[in-house]
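Worksheet: the structure to be examined is printed underneath.
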Amino acid sequence: MKHTKTEKITYLFREIGAIDDRLIHEAATWQPRRSAMPRVLLVAACLALSLALTVGAFVMASRRDKGEDAGAVGTPPTSETPASPDLDAVLLSQRETASYTTLSSAEEMDLFSGKVQVVWQYADTDELCVSRALSAGEVKDLTSQIGKGASVGESSPTLSCKVWIVMGDGRVVSPYLKSSAGNCGSDLFDYNAELLPSEDLVSCISEILA
Amino acid sequence: MEDNKIVDLYWARSERAIRESDVKYGRMLKSLSYSLLNSREDAEECVNDTYLDAWNAMPEARPTYLGAFLSKITRRISIDRFRTDHRVKRGGMGFVMEELSECIPSGDDVVAQYENGRLANALNRFLYALPTEKRVMFIRRYFYSQSIDEVARGMGMTASKVKVTLYRLREALRGELEEQELL
């Protein structure tokens with residue numbers, strides 16, 4: 001029994017080495033808070049930040065309504081601007097269908113259900129759309145396409161939807177990101193698209209939602 | 001140099017990647033390995049092996065947090081070295097593992113479940129649910145194997161507060177592992 005407990009301790013110690021990179025990075029870089037700023041300066045800083053965020057949100061909303069590229073004010077589309085991704089079109093076309101269930105917020109999403117699901121969020125709402133659980137074959141087809149799309153280059157496209165693949169064991173990936181250990185999160189993380197999902201991946205999701 | 005630029009060097013198969021990694025993270029990695037092995041020579045060897053592993057892992061891997069990526073490799077290599085050498089020295093890994101024994105649920109009927117990834121997932125869930133300060137403390141003690149004094153200094157608090165907090169965290173982790181019937 002003592003030997004078994006030793007093995008368990010060793011296993012636990014080793015498995016601590018498998019926690020998220022983000023947590024390890026946070027622990028390495030975290031600094032204790034400095035002594036508090038004078039109250040007046042703190043209040044002024046908060047007001048300035050609130051104002052900046054409010055103005056920024058208003059500007060972003062206006063640009064989104066006008067369909068402008070959020071990263072290039074006043075810049076007309078060129079032949080080099082990435083075209084609207086097809087996955088966007090597939091998900092927008094699903095908006096009025098019953099091919100998914102909805103959750104009112106990310107907090108309601110169970111990332112450890114044991115089910116692999118496609119999860120997406122339209123840009124104009126906090127609701128999450130969740131597909132049915134994928135079959136083993138669908139999981140294999142879908143995950144084989146993660147990271148295989150064309151790079152977006154310098155400019156990340158404006159997307160109508162954020163999309164994640166929830167792996168059911170706490171891991172979350174996105175078809176808009178390159179495949180790497182660093183791009184695998186443990187929540188429905190925000191991101192800037194690094195690549196456009198491949199045609200095969202878009203077809204796969206389209207069939208899942210059909 | 002920024003992490004993504006160093007990673008670009010790995011992908012470009014430039015040996016400068018190793019030099020830049022060592023400049024940015026060498027000291028941290030050696031400190032991590034030394035805290036586990038209590039031997040400067042072994043720590044240096046483990047760090048050199050880390051760079052080789054990282055070189056072989058890229059391209060393919062493209063870590064967002066290069067420091068964390070390298071730290072994981074160093075830690076794994078150091079643990080393997082510790083087990084291979086069968087040396088149990090005072091300090092370092094021995095003390096840390098002794099503390100972690102408190103997290104192992106007792107009872108003859110506990111069945112060890114070595115399911116791949118389940119324990120790591122449980123640890124992630126446990127850590128993400130903690131306030132930042134406690135999470136950082138836990139990881140500095142049990143991932144980086146820093147001494148209590150080092151943790152206390154780095155966090156700007158007393159050693160006794162660190163000890164008490166870590167004790168409570170271990171109890172909480174033990175409860176989690178019992179509830180999920182892990183270990």
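The values are calculated or read from the model by the stated rules, or taken from the named source; none is laboratory data. In this text the structure is predicted, and so the values were computed from the model without any measurement. Virtual Cβ from ideal backbone geometry, glycine too; neighbours counted across all protein chains shown. All accessible areas refer to the heavy atoms of the entire protein, side chains included, with ligands and DNA or RNA removed. Shrake-Rupley method; radii C 1.70, N 1.55, O 1.52, S 1.80 Å.
Kindly list, by first and then second residue, each pair from a residue in segment B:59-82 that is in contact (Cβ under 8 Å) with a residue 12 or more places away in the chain to a residue that is open to solvent by less than 60 Å² (accessible area, probe 1.4 Å) and assigned to a loop (DSSP other than H, G, I, E, B), limited to pairs with Cβ atoms under 8 Å and residues at least 6 apart or on different chains.
B:ARG62/A:SER180; B:PRO63/A:SER180; B:THR64/A:SER180; B:PHE69/B:ALA61; B:PHE69/B:PRO63; B:SER71/B:PHE143; B:SER71/B:TYR144; B:ARG75/B:PHE143
For segment A:151-186, give me each residue that is closer than 23 Å to B:LEU70 by Cα and either at pLDDT 80 or above or part of a loop (DSSP other than H, G, I, E, B) (or both).
Keep residues of segment A:151-186 that are closer than 23 Å to B:LEU70 by Cα, which gives A:170-173, A:177-186.
Matches in segment A:151-186: A:GLY170, A:ARG171, A:VAL172, A:VAL173, A:LEU177, A:LYS178, A:SER179, A:SER180, A:CYS184, A:SER186.
Within the set of pairs 6+ apart or on separate chains, which have a first residue in segment B:166-182 that is on the phi > 0 side of the Ramachandran plot, a second that is open to solvent by less than 50 Å² (accessible area, probe 1.4 Å) and not in a helix (DSSP H, G or I), and C-beta atoms under 7 Å apart?
B:GLU181/B:GLN113
Return the total of residues in segment B:143-168 being in contact with a helix residue (DSSP H, G or I) (Cβ under 7 Å, 6 or more places away or on another chain) and charged (D, E, K, R).
Filtering segment B:143-168 for residues in contact with a helix residue (DSSP H, G or I) (Cβ under 7 Å, 6 or more places away or on another chain) gives B:143-146, B:148-149, B:151-152, B:154-155, B:158-159, B:162-163, B:165-166.
Keeping just the survivors that are charged (D, E, K, R) gives B:149, B:163.
Within segment B:143-168, residues that are in contact with a helix residue (DSSP H, G or I) (Cβ under 7 Å, 6 or more places away or on another chain) and charged (D, E, K, R) number 2.
Find the residue count for segment B:123-161, including only residues that are touching a residue at least 24 places away in the same chain (Cβ under 8 Å), more than 10 Å from every other protein chain (Cβ to nearest Cβ) and hydroxyl-bearing (Ser, Thr, Tyr).
Adding up the residues that qualify gives 1.
Output the residues belonging to segment B:1-30 that are in a loop (DSSP other than H, G, I, E, B) and polar (S, T, N, Q).
Within segment B:1-30, just B:SER14 meets the criteria.
Of everything in segment A:84-103 that's open to solvent by 70 Å² or more (accessible area, probe 1.4 Å) and in a loop (DSSP other than H, G, I, E, B), which residue is modelled with the highest pLDDT?
A:ARG95
Kindly provide the set of residues from segment B:104-126 that are under 20 Å from B:ARG76 (Cβ atoms) and either in a helix (DSSP H, G or I) or at pLDDT below 65 (or both), ordered by number. It would help to see each step written out before you state the result.
The first filter runs over segment B:104-126 and keeps only residues under 20 Å from B:ARG76 (Cβ atoms), leaving B:114-124.
Once the filter is applied, which keeps residues that are under 20 Å from B:ARG76 (Cβ atoms) and either in a helix (DSSP H, G or I) or at pLDDT below 65 (or both), segment B:104-126 yields B:TYR114, B:GLU115, B:ASN116, B:ARG118, B:LEU119, B:ALA120, B:ASN121, B:ALA122, B:LEU123, B:ASN124.
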